[in-house]
């Protein structure tokens, strides 16, 4: 018989002795997958992303056009293709720099930042990203972060090396000196961050080069330089050229890199506009976005004494008349409120009644000066910078609200050109100008693409999937608080209000694409008609001359003018913006639409000789513009046989049906 051991019983005292506080850094160190450090390849991307986002935010807040350099160095190659190696990631910007007393808190402490408590659009929101990247590097290599920052161009830069104490969520500075070793920048100021980490560099989808490509699309005002890694111990070579060739051959690679140049092993992504995005303004919380617990906390922490001052100064869109409507709605026979009611006299039930009344009163939407959308022209410039298509369209929706938070949706599409026509459309997702490369199927942006009826605009689409064809779709959400599905900020949560606005923006772009495809099809049909006319007009003129004696040359010219008039769209010439010049008969046309650019890159000749001839190049264009040719399959025409009655000449033989006698 097996011997049974008596189970040890724990007492409250023994269990209490094991209780201790857990710091936030200790929690995320054990659950680093929540921050985007799932695997070595993704960890490299997350590190670059967090540093670049911080650099862009700092430059824009300081009113500086961003110049950012991203350098990857391979310190130790991976033992095999599936293993990770050791890399050093260095990001340099020309921003305003960081004052010395804030460096260790910004880079060595989780949940420390200036953006969490502000309601204005920015890339960072949580105060986690760059310090989490340094924590990951410390855990995998044991090396501290190296920060060099110069906030004053007339003084030396600060060189700090620091590590994070994860048990206390506190920074530990190991080196703190002043140095003149700082790269030259356009402003004389800036910040350089270097992190060593175990990672794996692999080109293609969801890679560092893809992220930088899409960042350049969403931020056309930024100039980005990328220095890809050289293999450790290998002779000097040109990794940028190898990366460029590999990406161009990869089906899952970035949309295109043809607009970028390579200089001394550096991939240059120049800015396409020299104007910063509009400056955003901080707003107060909107009453519809505040929950009861936060409302009670605000009542306790405010410096105001009465209800009028509290509602007016702690919330947006609440005026004294609105305060009166709230207090009237919350008043009962036993308890009445007014704007002069003292806050310290409110009980818990009084506060809850005021909160319920505030939620029921009709209020204006929050102001939108806290948002900075990319804009139609800028989205077109960014998409043309990264995607070689022939048709571009963009749309910006009016601002909307979810849970009291203002947001704005923008969409853009690129069609045709060098894009593959037998694959599903590529979807580029952005949130506050930041590319989202993971968890596509869980993102509200991708769901809105699959729910849009693209067949209405001339594209094929499988049930529940993205459209198939030479198409790139970009969706951008700008908001003071983007509802991400996790702390790693990889997908937008599925709110009905957000998905509705995304679908409306996509439908606007789809309508413009449908107009273009119909026009292109009509141009092809008219070119084919003219080809038929030109082929037989000469014979018709000769036959009419033989029958009636009409001048054949004059009749030929008249018929040719008629053919050209009835097929005038085949002679369409595009201006430098892709708009049709001198043709105004197209109903619902695109000529005056600032959200459309047409750059036909097709080299396929037209059916008509006249249409096939290249038109003169538009001013400023590098290549002649040719008449667009549709690749769609033409519909078969049903031909009907018609019996013609022929009046016979007198004396003709009864069986002679010939029109022209010998």
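Tabulated data for the structure shown
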quantity: Test for residue 121: is it crowded, with 23+ Cβ neighbours inside 10 Å, in the same structural domain as residue 98 (by TED's automatic domain parsing) and within 25 Å of the chain's Cα centre (by Cα); calculated: yes
quantity: Test for residue 304: is it closer than 22 Å to residue 348 by Cβ and in a loop (DSSP other than H, G, I, E, B); calculated: yes
quantity: Checklist (1) buried (at least 24 other Cβ atoms within 10 Å of the Cβ); (2) touching a helix residue (DSSP H, G or I) at 6+ places or on another chain (Cβ under 7 Å); (3) modelled with pLDDT under 90 applied to residue 489, failing item; calculated: (2)
quantity: Restricting region 352-379 to residues that are within 16 Å of residue 296 (Cα to Cα) and in contact with a helix residue (DSSP H, G or I) (Cβ under 6 Å, 6 or more places away or on another chain), the residue that is surrounded by the fewest Cβ atoms within 10 Å (Cβ to Cβ); calculated: 357
quantity: Wholly enclosed helices (runs of 4 or more DSSP H) of region 21-126 bearing at least 1 residues touching a residue at least 40 places away in the same chain (Cβ under 8 Å) and out of contact with any strand residue (DSSP E or B) (no Cβ under 8 Å at 6 or more places or on another chain); calculated: 24-30, 40-61
quantity: Criterion: in the same structural domain as residue 411 (by TED's automatic domain parsing) and surrounded by 22 or more Cβ atoms within 10 Å (Cβ to Cβ) - qualifying residue of 516, 495; calculated: 516
quantity: Evaluation of residue 10 against (1) at pLDDT 80 or above; (2) assigned to a loop (DSSP other than H, G, I, E, B); (3) assigned by TED's automatic domain parsing to the domain that holds residue 131 (one fails), failing number; calculated: (3)
quantity: Helices (runs of 4 or more DSSP H) fully within region 320-415 counting 2 or more residues that are without any contact (Cβ under 8 Å) to a residue 60 or more places away in the chain, out of contact with any strand residue (DSSP E or B) (no Cβ under 7 Å at 6 or more places or on another chain) and outside the structural domain of residue 123 (by TED's automatic domain parsing); calculated: 320-330, 348-360
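Conditions (1) surrounded by 14 or more Cβ atoms within 10 Å (Cβ to Cβ); (2) at pLDDT below 90; (3) farther than 30 Å from residue 361 by Cβ, marked per residue:
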{"residue": "206", "(1), (2), (3)": "yes, yes, yes"}
{"residue": "209", "(1), (2), (3)": "yes, no, yes"}
{"residue": "234", "(1), (2), (3)": "no, yes, yes"}
{"residue": "259", "(1), (2), (3)": "yes, yes, yes"}
{"residue": "272", "(1), (2), (3)": "yes, yes, yes"}
{"residue": "284", "(1), (2), (3)": "yes, no, no"}
{"residue": "290", "(1), (2), (3)": "yes, no, no"}
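The values are calculated or read from the model by the stated rules, or taken from the named source; none is laboratory data. What you are looking at is a predicted structure, and each value in this text was computed from that prediction instead of being measured. Reconstructed Cβ throughout: ideal geometry from the backbone, glycine too, with neighbour counts over all protein chains shown.
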